Amino acid sequence: MTEPRWLNPEERRAWLALLSITTLLPAALDTQLQNAGKLSLFDYNVLAMLSEAEGRFLPMSELAARTSASLSRLSHVVTKLQKRGWVERQAHPRDARVTVAHLTEVGWQTIVSLAPGHVESVRDLMMDAMTPDDVNNLARIGEKIVARLDGDHWILREGQASRARPAN
């Protein structure tokens, strides 16, 4: 049997910091969104991904990828958001075999009203604690880890596209 590759003190420090962030940050953001709009961070993320998509719709499979969710979890949440009038399921406009989630006008107004408070929380809890170099390093390191977990993850495609665009 081979000896385990134990973490050295700096690796342990980094691991415990990341573990704490992945526990504390989502909980704090979830609390803000529950107080502001009676929805979870995951619910908000579904609405946000739809709000950013062309035509405000995405195939369910792509929405699942963009929210890092299983199709069954996403389907449950979309049903909940449908009941609130924020999302509709429809046939894809160019391929009736594909089901899409579409952000309704009421859903759009909801995300528009909640986004400023949510972004302020993200800034307060995370971004304001970092320098611009820290932000770039976090993105770089985060993308490296995501690539090991899921080499086809959508943020990797988006990150490559944004780096390929010329600076304004």
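The values are calculated or read from the model by the stated rules, or taken from the named source; none is laboratory data. These figures come from a predicted structure and were not determined experimentally. Note: ideal-geometry Cβ built from the backbone for every residue, glycine included; neighbour counts use all protein chains shown.
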All-but-one check, SER70 against (1) surrounded by fewer than 17 Cβ atoms within 10 Å (Cβ to Cβ); (2) over 29 Å from SER20 (Cα atoms), failing number (2)
Determine whether region 92-109 contains at least one residue that is within 20 Å of the chain's Cα centre (by Cα), over 21 Å from ALA65 (Cα atoms) and loosely packed, with under 15 Cβ neighbours inside 10 Å. yes
Using beta carbons and a limit of 7 Å, which pairs, at least six apart or on different chains, have the first residue in region 65-88 and under 14 Å from LEU47 (Cβ atoms) and the second one assigned to a helix (DSSP H, G or I) and at pLDDT below 95? ARG66/TRP154
Could you list, ordered by first residue, the pairs with Cβ atoms under 9 Å in which the first is in region 128-145 and closer than 21 Å to LEU156 by Cβ and the second is at pLDDT below 95 and not in a helix (DSSP H, G or I), at least 6 apart or interchain? GLU143/HIS153
So, in region 1-43, of the ones that are aromatic (Phe, Trp, Tyr) and outside the structural domain of LEU125 (by TED's automatic domain parsing), which residue ends up nearest to SER68 (Cα to Cα)? TRP15
Determine, yes or no, whether LEU24 is assigned to a helix (DSSP H, G or I) and either closer than 16 Å to TRP108 by Cβ or under 21 Å from the mean Cα position of the chain (by Cα) (or both). yes
